[in-house]
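Q: Pasting a structure here, questions to come.
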Amino acid sequence: MNKMKIVEMLMVPILLIILAACGSEANNDDTGGQATTENGGKQSDELETISVALSPFQDVYSIHVGIEQGFFEEEGIELEIQETDWAGGNDLLVGEQVDVATAGDSDVVLQNSNGVETTLAFPIFYFAGAGLMYDDDRYDWQTYDQFLEEGLDQEEAMRETLEQVKGMRIGLNTSVSEYTSFISMLDYVGLESDDYEIIDMSQEDLPPALLSESIDVMISGIPQRLAVQKEGYATLIDQTTLPYTISHNGFAAHQSWVENNHDLSLRFLQAIFKTFHYIEENPNEAFPIIVERMKDVGTEITVEELKDVWNNMEYFPSSKEFYQNEVLDENGDFYWRDRFERVVGIMEAEGRVEEGSITNLESLHYTVELLSE
């Protein structure tokens, strides 16, 4: 056999390997708008996959920091992310199309009242950023801070502030925590929700509705609040005035999924704690990652805005100790039982859930069980 023939025979398997690799790479790049697997650029058959319905908000987008820093990979996890809005993520979770989804305390209360056994198993943030946004050129209202400056106490200032907007069109998403936070404010000062025209809208539709004067007041997530602030709109009052209105949010899963994937759930929670610890220690490296990822889905937020939000409007658990001291301890700033009892009570009073349909609060917040491990 001549040398040329030998070379040709050796080249065939090499060429086949190269073609196979190129074909595999092309398949990986062509997501067709479907869910994508992200693991800091690495993939491994040894990693366990968690499918995630992820909403375009700066708080939950923090997991991209953990992905890029390899914290999920360190815990033997790769995340298969499906981009969706908040409500759509909950629909995917209820329909068992994903393992976990961005959700809040109000979401799991509603779902459990309808016989769907979801649980807020993986805490991400405690949301204190909901504010009543309005056009101060259009309405000559006084803000809560202005009433305080006049010498009114907290309760009097809240009541006077909220009295001004009776009969107004209040735009918010009634399936998320901003709704129960607003009702908590009214309850605290003895006002009735029937005195307000509450208009149920998706988070994304709120800023255009406020700018077009289709609603008078907007209560939303932080990206929407920042968007109208940039247009000169003012904050009438926000939920930092009443700590127990602070909502608990993160990733929810079916209770059965957490129980059947107990070790995986513990590792997922550990990766989340690692991520937030890194963000606290390295904000200048971490925040640009979130900003770029938000830009990819069409939401503009700056590093400076994130610095103003982080642990000011939203609070993030960076360790088991934080969670034990602030969430599990009844004297903590974010004691979980007070918040869940209040959400259930409000939804029963408003007719959103049947009275007595929620009896086991611990089942709604499986982190209590996970941290005991």
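The values are calculated or read from the model by the stated rules, or taken from the named source; none is laboratory data. Computed from a predicted model, the values in this text were never measured in an experiment. Ideal geometry is used to build each Cβ from the backbone, glycine not excepted, and the neighbour counts take in all protein chains shown. Remember, those area values only see protein heavy atoms, side chains included, never the ligands or the DNA or RNA. Shrake-Rupley method; radii C 1.70, N 1.55, O 1.52, S 1.80 Å.
Q: In the structure displayed, which of LYS230/LYS274; LYS166/LYS307; LYS274/LYS307; LYS295/LYS320; LYS166/LYS230 lie more than 28 Å apart, Cα to Cα? Before the final figure, lay out the partial values.
A: Values: LYS230/LYS274 33 Å; LYS166/LYS307 34 Å; LYS274/LYS307 19 Å; LYS295/LYS320 31 Å; LYS166/LYS230 26 Å.
Beyond 28 Å between Cα atoms: LYS230/LYS274; LYS166/LYS307; LYS295/LYS320.
Q: Let me ask something else. Of the heavy-atom accessible surface of the chain (probe 1.4 angstrom), what whole percent is carbon and sulfur?
A: On the way: 7430 of 16770 Å².
After summing per-atom areas, the C and S share lands at 44 percent.
Q: What helices in the chain pass both tests, a Cα length along the helix axis of 24 Å or more and a mean Kyte hydropathy of 0.0 or higher, using whole DSSP H runs?
A: Helix filter hits for the chain: 3-29.
Q: Once label points are set 7 Å from the Cα along Cα→Cβ at both ASN360 and GLU231, what is their separation, rounded to one decimal in nm?
A: Modelled inter-label distance: 4.6 nm.
Q: Same structure, new question: So, for the chain, what is the accessible surface per residue at a probe of 1.4 Å, expressed in square angstrom?
A: Dividing the accessible area of the chain by its residue count gives 45 Å².
Q: Here is a further query. Between the range 60-107 and the range 117-169, what's the alpha-carbon centroid distance in Å?
A: Cα centroid of the range 60-107 versus Cα centroid of the range 117-169: 30 Å apart.
Q: Quick check: Cα centre of the range 338-373 to Cα centre of the range 210-288, how many Å?
A: With the range 338-373 and the range 210-288 each reduced to a Cα centre, they are spaced 19 Å.
Q: If you don't mind, another one. Whenever you get a sec, line up LEU361, LEU328 from highest to lowest accessible area (probe 1.4 Å, protein heavy atoms).
A: Most to least solvent-accessible, the answer reads LEU328, LEU361.
Q: Now for a different question. In sequence order, what are the phi-derived ³J(HN,Hα) couplings for the range 232-238 according to the Karplus relation 6.51 cos²θ - 1.76 cosθ + 1.60 with θ = phi - 60°, rounded to whole Hz, with x for glycine and proline?
A: x, 7, 10, 9, 6, 6, 10
Q: Once R0 is set to 30 Å, what does the formula 1/(1 + (r/R0)^6) return for the Cβ-Cβ distance between ASN331 and LEU266, expressed as a FRET efficiency to the nearest 0.05?
A: Working: r = 26 Å, r/R0 = 0.88.
Calculated transfer efficiency: 0.70.
Q: For semi-axes √(5λ) of the Cα gyration tensor in Å, the choices are (1) 32, 25, 21; (2) 44, 24, 19; (3) 37, 23, 18; which was calculated from the structure?
A: From the options (1) 32, 25, 21; (2) 44, 24, 19; (3) 37, 23, 18, the structure gives (2).
Q: In deg cm²/dmol, rounded to 500, what helix-only [θ] at 222 nm does the chain give when every DSSP H run of at least 4 residues adds -39500 (n - 2.57) and the total is split over its residues?
A: It comes out at -13500 deg cm²/dmol, rounded to the nearest 500.
Q: Rounded, prolate or oblate: which one fits the range 46-92, using the alpha carbon gyration tensor with axes a ≥ b ≥ c (rounded when a/c is under 1.5, else prolate when a/b beats b/c, else oblate)?
A: Values: a/c = 3.77, a/b = 1.57, b/c = 2.40.
Oblate is the answer for the range 46-92, as a/c is 1.5 or above yet b/c matches or exceeds a/b.
Q: I would also like to ask the following. Hand me the GluC sites (Glu not before Pro) from the range 173-272 located in a DSSP loop with no more than 14 other Cβ atoms within 10 Å, in residue order please.
A: For GluC sites (Glu not before Pro) across the range 173-272 that sit outside H, G, I, E and B with at most 14 neighbouring Cβ atoms in 10 Å, the list reads GLU192, GLU213, GLU231.
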